[in-house]
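Data first, discussion second: the structure below is written as structure tokens.
Every number here is computed from the coordinates shown, using simple stated rules; none is lab data. These numbers come from a predicted model, not from an experiment. Because the Cβ atoms are built from the backbone with ideal geometry, glycine has one as well, and the counts that use them run over all protein chains shown.
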Amino acid sequence: MKLDDRETWSAYAYDGAPPPLAVMHQQMGRKSLVKILKGGVGSGRYPKGSGVQSVAVTPAFQMARQAIMDVINGPVGVDDHPVAIRAAHETAAVLAELKTKGYLMPSGVDIRVHGKDNPSGLAEDNGTLMLKVPMGLPPDVSLDVATQATYKGELEGVPRFVVTNFREVVLHEMGHIMRRRPNESDSTEFATELRHLKSDLFIPAALQVSRYAVGNPDEFVAEAFVKLYRGDVLSPETMATYTALRGAKIK
């Protein structure tokens, strides 16, 4: 049986009943998780006595993964878990909207469940969009509610984070991916970043976005992208900093 070129990893059966995936990750490591074959059946090699078996993937998982594969041209990984499946459909909708407007797509998408309460994201160096969602989220609680509980709050009138819903978690990470990153061999690009970071203007500009944006130019750009994409207006000084730090053009 030939493997799909865009293969993924997930985990399904453990002595007949799935344990928390975080436990499986800890016990076996990610590379020993189930590899999905083109025919929709999981198989793989596992440590002796691990209890992991090959099982058929669920139709809901197949639909969720396909929703993202219809949008991007790259590998897609989704845990076969109800919360990850919900996140996959919401992510596919955001990416489809961005693609329609002509934005750069991620080189891949990886959606996993974890044992924490907060949805989170990561833009990997290779352009992959990584998202983690809480495995214990009840069916009647939305990812938006979990996001708000994690990222809401202000300090001295400045929001801790820009994101207010799961959609904006995806947009934040896409702000990283779409940013025109500097060439490591080009010292001029890094000098530009350092100059802005050390400038007396950077922190005031970042504080117009969020506390998190103050951390470094990359987080400033990602946070500012979310605000701009949802229609918020930034000051000319903040916009100048966003442009100088290669933030994606808003379309």
Step through the residues of the range 120-134 one at a time and calculate ³J(HN,Hα) from phi using the Karplus curve (6.51 cos²θ - 1.76 cosθ + 1.60, θ = phi - 60°), rounding each to whole Hz and writing x for Gly and Pro. 8, x, 8, 9, 6, 4, 8, x, 7, 8, 9, 10, 10, 10, x
Approximate spin-label separation Asp140-Lys116, in nm, with each point projected 7 Å along Cα-to-Cβ: 2.8 nm
Using 7 Å Cα-to-Cβ label points, what is the Leu207/Gln148 separation (nm, one decimal)? 2.8 nm
Within 10 Å of each candidate Cβ there may be at most 16 other Cβ atoms; applying that plus a DSSP loop requirement, which trypsin sites (Lys or Arg not before Pro) in the range 88-175 survive? Lys101, Lys116, Lys152, Arg160
Projected label distance in nm at Asn216 and Thr164, using a 7 Å step from Cα toward the beta-carbon: 2.9 nm
